[in-house]
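A short write-up of the structure that comes next.
The values are calculated or read from the model by the stated rules, or taken from the named source; none is laboratory data. Please read these numbers as outputs of a predicted model, since none were measured by experiment. All Cβ positions, glycine included, derive from the backbone under ideal geometry; neighbour counts span all protein chains shown. Quick note on the areas: whole protein, heavy atoms, side chains included, nothing else; ligands and nucleic acids left out. Shrake-Rupley method; radii C 1.70, N 1.55, O 1.52, S 1.80 Å.
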Amino acid sequence: MKNIHLLNHILIEHKIAILRDENTKTKQFREVIEEIAMLMTLEVLKDAPIKKIIVKTPLEEVAQTVIVENSIVIVPILRAGLGMVNGVTAMLPSVKVGHIGIARNEETLEPVEYMCKLPEGIQDKMVILLDPMLATGGSACAAITALKNRGVKNIKMLNILAVPEGVEKIAKEHPDVEVYIAKVDRELNSKGYILPGLGDAGDRIFGTN
Ligand code: PRP
Ligand code: URA
């Protein structure tokens, strides 16, 4: 599974412990989701679009490599992916943001798309999908297919927690998509929740349940 990248960093592990804790309240949960997204941004940008510019220091001019921010679009999968947006834009303040709304049918666990609003010209950009949870992989694959149907070719994905079945599904159906995962958990329960997991990410970010 060459397209799957595990982050394996103690700082991210440390923060995942806070997310998992059932006593972590909404405010801190949101902050930590953002912080992990910010740290994951470092990894996903390893093959970011770049260009050389000339910068004048107080002493002389120097050629410096910079990221072409307007060649990158981030797309959170609603709702929980919204929690990761500020973490990425803290690092890349000029990126455009599209939105894909996908919710799992609670009985069948099948993904249902209920909205899609993407910036003009997205087909030529590097698109980074955001969703803290990769469970069955249905939502991620539906979002990737929605982007591909609109002509997007360069797709990356950031997930905080995943389980092996979700990872395998995305690797099999979309081997061209680079997926960055902070932690792979054990399994899904009969209701499609990740174990040990962190519960319902959307509910914990937005204080609903
Ligand atoms: C959650 C999560 C993912 C999806 C993962 O969203 O944020 O989008 O489940 O599950 P899957 O891999 O089995 O598709 P949910 O459908 O609960 O919607 P919400 O974010 O609006 O709560
Ligand atoms: N979505 C969540 O928010 N949590 C899970 O454990 C699985 C899917």
Diffing segment 148-156: the Karplus 3J(HN,Hα) column from phi (6.51, -1.76, 1.60, θ = phi - 60°), in whole Hz with x for Gly and Pro, holds 4, 4, 9, x, 6, 10, 9, 10, 10
Over segment 1-129, with neighbouring protein chains present, the accessible area per residue in Å² at probe 1.4 Å is 60
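Just for the chain, what percent of DSSP beta bridges are antiparallel, to the closest 5? Please report the intermediate quantities before stating the final value.
Details: 15 of 40 bridges.
About 40 percent, rounded to the nearest 5.
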Longest principal axis of the chain (C-alpha) makes with the long axis of helix 82-91 (C-alpha) an angle, in degrees to the nearest 10, of 20
Between the Cα axis of helix 164-173 and the main Cα principal axis of the chain, the angle (0 to 90°, nearest 10) is 60
Along principal axes, largest first, the alpha-carbon spread of segment 47-197 in whole Å comes out as 64, 31, 26
Measuring from its Cα centre, segment 14-169 shows a charge dipole (+1 at each Lys and Arg Cβ, -1 at each Asp and Glu Cβ) which, in debye to the nearest 20, is 360
For the chain, longest principal axis from Cα atoms; helix 10-20 axis from its Cα atoms; angle between them, nearest 10 degrees, is 40
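Ignoring ligands, DNA and RNA, please state the percent of accessible area on segment 53-136 from carbon and sulfur, probe 1.4 Å. Working shown, then result.
On the way: 2290 of 4470 Å².
The computed percentage sits at 51.
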The alpha-carbon center of segment 134-209 and that of segment 54-88 are separated, in whole Å, by 24
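Which whole-number percent gives the relative contact order of the chain, counting Cα pairs below 8 Å spaced six or more residues apart?
Values: 407 pairs, mean separation 49.3, N = 209.
Once normalised by length, the contact order is 24 percent.
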Measuring from its Cα centre, segment 93-186 shows a charge dipole (+1 at each Lys and Arg Cβ, -1 at each Asp and Glu Cβ) which, in debye to the nearest 20, is 340
Taking the dipole of the chain about the Cα centre (Lys, Arg +1; Asp, Glu -1; charges at Cβ), the one of 209, 76, 161 that reaches farthest to the positive side is 76
Restricting to lysines and to Cα separations under 23 Å from residue 51, and discarding same-chain partners fewer than 8 apart, the set is 96, 125, 153, 156
